Amino acid sequence: MRRFKMKLKIAVPSKGRISDPSISILEKAGLGLKDNANRKLISATFNKDIDVMFARASDIPKFVEDEIVDMGITGVDLINESEANVKELVDLSFGQTKLVLASPEDSTINSIDDLTSDMVVATEFPTLTKKYLEEHGLTSKIITLSGSTEIAPLIGIADLITDLTSTGTTLKMNHLKIVDVILESTIKLITNDNSFENKKELVEAVSTSIKGVIEAERKKLVMMNVKKENLDKVKKVMPAMTGPTISEVLSKEETVAVQAVIDEDVVFELVNDLRNAGAKDILVVPIERII
Ligand SMILES: Nc1ncnc2c1ncn2[C@@H]1O[C@H](COP(=O)(O)OP(=O)(O)OP(=O)(O)O)[C@@H](O)[C@H]1O
Ligand SMILES: O=P(O)(O)OC[C@H]1O[C@H](OP(=O)(O)OP(=O)(O)O)[C@H](O)[C@@H]1O
Ligand SMILES: [Mg+2]
C-alpha cells in the first residue's frame with residue numbers, strides 16, 4: 001500500500017473581514033503562504049508539512065469537524081451556529097463581536113419578556129436564534145437572510161432581528177436598539193479530535209506558534225543605553241517579563257545596554273519614566289513571537 005507522508009491542512013477564511021488578519025497571524029507564526037496571489041484554493045506554506053485551504057468562514061467549522069482539514073480559523077458565532085463538534089485551541093484576540101436581539105428604537109419591545117410567539121425574527125443565525133427563543137419558551141417565526149439583516153424591520157418583513165454588532169453603528173443607523181445579548185464571539189483556532197490525537201506534534205506546533213504571536217502582539221521590546229551610575233534608577237522603573245537583560249557597551253565603558261519585554265499598555269508611561277531615570281537612545285521595537 002502506498003504510504004502518504006503526514007501533512008496538516010489549515011482552513012482559513014477566503015474573504016470577509018477575518019480573512020486578512022487570519023493570514024497575517026499565520027505569516028507571523030512562520031506559516032507565510034507560498035502562492036496566495038493567484039487565488040488558489042490551496043496554498044503551500046513555508047513549512048513543507050503544512051498547507052492552507054481557503055474556505056468561507058461559515059463552512060470552516062464543518063470542514064474541521066468532518067476532517068476535511070485538520071485545523072481552522074473562524075468565529076465562535078459560526079462554530080455555534082453550525083453546531084460542529086470541534087476543539088477550540090487558541091483565542092486569536094480579534095473579531096470581537098456580539099450576537100444580539102434587537103428591536104426598532106420606537107418599539108415597546110425592551111426585554112425578552114416582551115416577545116411573543118407571533119412575532120417574526122429575521123437573522124443570519126437561524127439555529128442560534130431558534131435555540132435562544134426556545135430557551136425562552138418562544139416559537140416565533142424565523143426568517144433567514146444572508147446579510148443586511150438590520151433592514152428587515154424597516155421594510156416590514158420582521159418585528160425584530162438577531163445580528164452581530166461590535167461598534168453599534170449599523171444598529172444605530174437603522175434605528176434599532178439591543179434587547180438582549182445572545183452570544184459573545186471572537187475568532188478561534190480550532191481542530192478535531194482525530195487530528196488532535198494523530199497529528200499531535202504538528203497541531204501543537206501550530207497552536208504554540210500562534211499563541212506566541214498573540215502574546216507578542218501585546219508586548220514590545222524596549223532597548224536603551226544607560227550610564228552605570230543611573231542603572232539602579234532605571235532598573236527600578238522596569239517591569240520586565242524576565243530580566244531586564246543588561247550588557248556592556250564595548251565602545252563606552254561607563255554605559256550599559258538594557259533591554260526588556262514590556263506590556264504594550266505601559267510603554268507610553270514607561271518611556272517617560274526611563275528618560276527621567278537617565279536612559280538614553282530608547283528604542284521601542286515590535287516583537288513577532290514569544291515562545
Ligand atoms: N462587525 C463585526 N465586528 C467584529 N467581528 C465581526 C463583525 N461582523 C462579523 N464579525 C466576525 O467575522 C466573521 C466573518 O464575518 P464577515 O462578515 O467578515 O464574513 P462573511 O459574513 O463571510 O462575509 P460577508 O459579510 O462579506 O458576506 C463573523 O462570523 C464574526 O465572527
Ligand atoms: O456594530 P457594527 O460595527 O456596525 O458592525 C455590525 C455589522 O457588521 C456585520 O455586517 P457586515 O459588514 O459583515 O455585512 P453583512 O451584514 O452583509 O454580513 C454585522 O452583520 C453587522 O451588520
Ligand atoms: Mg458579514
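The values are calculated or read from the model by the stated rules, or taken from the named source; none is laboratory data. None of the values given here were measured: they were computed from a predicted structure. Cβ placement follows ideal geometry from the backbone for every residue including glycine, while neighbour counts extend to all protein chains displayed. These area figures cover heavy atoms from the full protein model, side chains too; ligands, DNA and RNA do not enter into them. Shrake-Rupley method; radii C 1.70, N 1.55, O 1.52, S 1.80 Å.
Taking the conditions exactly as written (touching a helix residue (DSSP H, G or I) at 6+ places or on another chain (Cβ under 7 Å), outside the structural domain of A29 (by TED's automatic domain parsing) and outside any strand (DSSP E or B)), does I291 satisfy them or not?
So I291 passes the test.
Looking at T167, is it open to solvent by 20 Å² or more (accessible area, probe 1.4 Å) and either within 10 Å of ligand 1 (Cβ to nearest atom) or under 17 Å from I109 (Cβ atoms) (or both)?
Here the answer is yes, as T167 does meet what is asked.
State yes or no: is A11 aliphatic (A, V, I, L, M), surrounded by fewer than 20 Cβ atoms within 10 Å (Cβ to Cβ) and out of contact with any His (no Cβ under 8 Å at 6 or more places or on another chain)?
On the way: aliphatic (A, V, I, L, M): yes; surrounded by fewer than 20 Cβ atoms within 10 Å (Cβ to Cβ): no; out of contact with any His (no Cβ under 8 Å at 6 or more places or on another chain): yes.
Criteria not met by A11.
A quick yes/no check of all residues on (1) outside any strand (DSSP E or B); (2) surrounded by 14 or more Cβ atoms within 10 Å (Cβ to Cβ):
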residue	(1), (2)
E184	no, no
N194	yes, no
I210	yes, yes
I246	no, yes
E253	yes, no
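Checking the conditions here, which among K87, K40, K48 is surrounded by fewer than 19 Cβ atoms within 10 Å (Cβ to Cβ), under 18 Å from K199 (Cβ atoms) and modelled with pLDDT under 95?
Details: K87 fails: modelled with pLDDT under 95; K40 fails: under 18 Å from K199 (Cβ atoms).
Only one candidate passes the filter, namely K48.
Output the residue which, of all residues in region 90-106 that are of a type in the set (S, T, Y) and in contact with a Leu (Cβ under 8 Å, 6 or more places away or on another chain), is least open to solvent (accessible area, probe 1.4 Å). Before you say what the answer is, go through the steps one by one.
Quick first cut of region 90-106, residues of a type in the set (S, T, Y) only: 93, 97, 103.
Those left that are additionally in contact with a Leu (Cβ under 8 Å, 6 or more places away or on another chain): 97, 103.
Numbers: T97: 26, S103: 0 Å².
This residue is S103.
Would you check if there is a residue in region 118-130 being out of contact with any Phe, Trp or Tyr (no Cβ under 9 Å at 6 or more places or on another chain), open to solvent by less than 20 Å² (accessible area, probe 1.4 Å), in a strand (DSSP E or B) and near ligand 2 (Cβ under 9 Å from one of its atoms)?
no
Does at least one position in region 142-161 carry a residue that is within 15 Å of ligand 2 (Cβ to nearest atom), touching a helix residue (DSSP H, G or I) at 6+ places or on another chain (Cβ under 6 Å) and open to solvent by less than 40 Å² (accessible area, probe 1.4 Å)?
Checking region 142-161: at least one residue is within 15 Å of ligand 2 (Cβ to nearest atom), touching a helix residue (DSSP H, G or I) at 6+ places or on another chain (Cβ under 6 Å) and open to solvent by less than 40 Å² (accessible area, probe 1.4 Å).
What about E204, is it over 19 Å from K28 (Cβ atoms), exposed (fewer than 14 other Cβ atoms within 10 Å of the Cβ) and in the same structural domain as I73 (by TED's automatic domain parsing)?
Against the criterion (over 19 Å from K28 (Cβ atoms), exposed (fewer than 14 other Cβ atoms within 10 Å of the Cβ) and in the same structural domain as I73 (by TED's automatic domain parsing)), E204 does not qualify.
Between a first residue in region 145-172 that is without any contact (Cβ under 8 Å) to a residue 24 or more places away in the chain and a second residue that is within 13 Å of ligand 1 (Cβ to nearest atom) and assigned to a helix (DSSP H, G or I), which pairs have beta carbons less than 7 Å apart while being 6 or more apart in sequence or on different chains?
So the pair list comes out as T170/E150.
Working only within region 11-52, note down all residues that are of a type outside the set (S, T, Y), touching a residue at least 12 places away in the same chain (Cβ under 8 Å) and within 16 Å of ligand 2 (Cβ to nearest atom).
Of everything in region 11-52, those that are of a type outside the set (S, T, Y), touching a residue at least 12 places away in the same chain (Cβ under 8 Å) and within 16 Å of ligand 2 (Cβ to nearest atom) turn out to be P13, K15, G16, R17, I18, P21.
Which pairs have Cβ atoms under 6 Å, sit 6 or more apart or on different chains, and link a residue in region 53-65 that is farther than 20 Å from E197 by Cα and of a type in the set (A, V, I, L, M, F, W, C) to one that is near ligand 1 (Cβ under 10 Å from one of its atoms) and in a helix (DSSP H, G or I)?
A57/L78
Which of (1) open to solvent by less than 30 Å² (accessible area, probe 1.4 Å); (2) modelled with pLDDT of 95 or more is the odd one out, the single condition V234 does not satisfy?
Condition not satisfied by V234: (2).
Would you be able to say whether some residue in region 97-110 is at pLDDT 95 or above, away from ligand 1 (no atom under 16 Å from the Cβ) and part of a helix (DSSP H, G or I)?
No: region 97-110 contains no residue that is at pLDDT 95 or above, away from ligand 1 (no atom under 16 Å from the Cβ) and part of a helix (DSSP H, G or I).
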